[in-house]
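Notes for the one structure printed next.
What follows is calculated from the coordinates using simple rules that are stated; it is not laboratory data. This structure is a prediction, so every number in the text was calculated from the model and none was measured. So basically every Cβ, Gly included, is an ideal-geometry build from the backbone, and we count neighbours across all protein chains shown.
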Amino acid sequence: MARILAIDYGRKRCGIAVTDTLQIIANGLPTVPTHQLMDFLKEYCGREEVEMIIVGEPRQMDGTPSESARYIEPFLKRLAKEMPDMRVIRRDERFTSVIAHREMIAAGFRKSQRQEKGRADEMSAVIILTEYLQNR
């Protein structure tokens with residue numbers, strides 16, 4: 001079975017999570033600078049069999065796309081062009097950052113660890129992927 005990869009897309013860096021080959025568990029990968037994301041995806045998907053990519057879609061409380069959604073659109077178009085055979089799914093990512101911070105507190109992360117750049121992004125990607133796995 002192939003892996004599923006999830007992205008918490010950000011303007012500066014992107015959180016990445018991936019399943020095991022049985023698609024049971026979501027694990028975080030190191031965050032990737034946004035300008036290097038496409039190269040990372042091509043390299044990773046060339047090395048590992050990936051069935052689909054899930055991209056977190058930022059939304060307002062009323063369900064409409066948030067202001068930051070406009071930064072994701074160019075990436076999604078480029079992804080479709082450069083990886084045309086890859087199935088891409090968009091998932092609502094409301095509250096993932098808040099949940100990520102709560103999970104880090106519950107896990108006993110010190111304040112300095114919670115403030116590390118990228119840690120919340122990675123955790124958000126894991127949450128996006130875990131929610132997808134639970135709801136499919």
Output for the stretch 1-22, where each listed residue is among the β-branched types (Val, Ile, Thr) and in contact (Cβ under 8 Å) with a residue 60 or more places away in the chain: ILE4, ILE7, ILE16, VAL18, THR19
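Just checking, how many residues over the stretch 48-63 are in contact with a helix residue (DSSP H, G or I) (Cβ under 6 Å, 6 or more places away or on another chain) and of a type in the set (Gly, Ala, Ser)?
Applying the first criterion (in contact with a helix residue (DSSP H, G or I) (Cβ under 6 Å, 6 or more places away or on another chain)) to the stretch 48-63 yields 54, 56, 58.
With the extra rule that they be of a type in the set (Gly, Ala, Ser), the set shrinks to 56.
Residues that pass the stated criteria total 1.
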